[in-house]
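Structure, as structure tokens:
Any read-out appearing in this document is the output of simple, stated calculations on the displayed coordinates, not a laboratory observation. What you are looking at is a predicted structure, and each value in this text was computed from that prediction instead of being measured. Please note: Cβ atoms are built from the backbone with ideal geometry, for glycine as well, and neighbour counts cover all protein chains shown.
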Ligand code: VGL
Ligand code: ZN
């Protein structure tokens with residue numbers, strides 16, 4: 001099993017660890033809250049850039065069922081459901097990226113419609129460690145875009161969970177990320193030097 005020591009050329013991206021994606025939320029991911037502890041462990045490690053993305057929709061977002069979309073209303077900007085999970089150590093996050101913020105565009109990836117790729121490059125970052133929710137939507141889209149943007153990507157396998165609209169969606173997403181050149185590791189494989 002590979003071990004990694006984060007450096008200034010590395011970034012941690014915590015994807016959408018928000019109230020609405022955890023049990024009790026509007027679009028709950030089964031066991032979504034189980035990743036809070038491993039994510040906090042990663043956020044405690046010094047020496048790398050820590051980024052969190054958040055789904056941050058207008059109340060009439062196109063992805064909501066009332067607008068013909070497939071999802072219940074979730075992560076409406078400035079509401080309690082859009083907040084980071086209450087146990088997530090969000091104060092350790094240096095850069096918050098809000099996405100899918102306009103009515104007429106969906107954005108599963110943290111790179112979609114944001115300046116994230118340029119911001120990371122400007123900071124000299126070449127390798128990204130990706131964790132969060134959900135494996136089969138925003139984690140997958142973010143990891144695949146990161147590869148397309150030329151970043152090395154390591155997905156934290158114990159710190160992601162899937163929606164599984166279809167039972168194998170999470171498994172298939174992991175395979176897609178692997179084919180795209182993403183590596184996989186456990187949060188316990190990340191050590192500070
Ligand atoms: C997500 C469904 C709808 C996600 C966001 O963060 O994975 N999934 N919006
Ligand atoms: Zn959404």
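Quick rundown of the values:
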read-out	value
Checklist (1) surrounded by fewer than 16 Cβ atoms within 10 Å (Cβ to Cβ); (2) within 16 Å of the chain's Cα centre (by Cα) applied to residue 188, failing item	(2)
Strands (runs of 3 or more DSSP E) contained in the stretch 98-189 and holding at least 2 residues within 16 Å of ligand 2 (Cβ to nearest atom)	127-133
Residue in the stretch 45-68 that is assigned to a helix (DSSP H, G or I), in contact (Cβ under 8 Å) with a residue 12 or more places away in the chain and closer than 22 Å to residue 156 by Cβ present	no
Condition broken by residue 4, with the remaining ones in (1) buried (at least 17 other Cβ atoms within 10 Å of the Cβ); (2) touching a strand residue (DSSP E or B) at 6+ places or on another chain (Cβ under 8 Å) satisfied	(1)
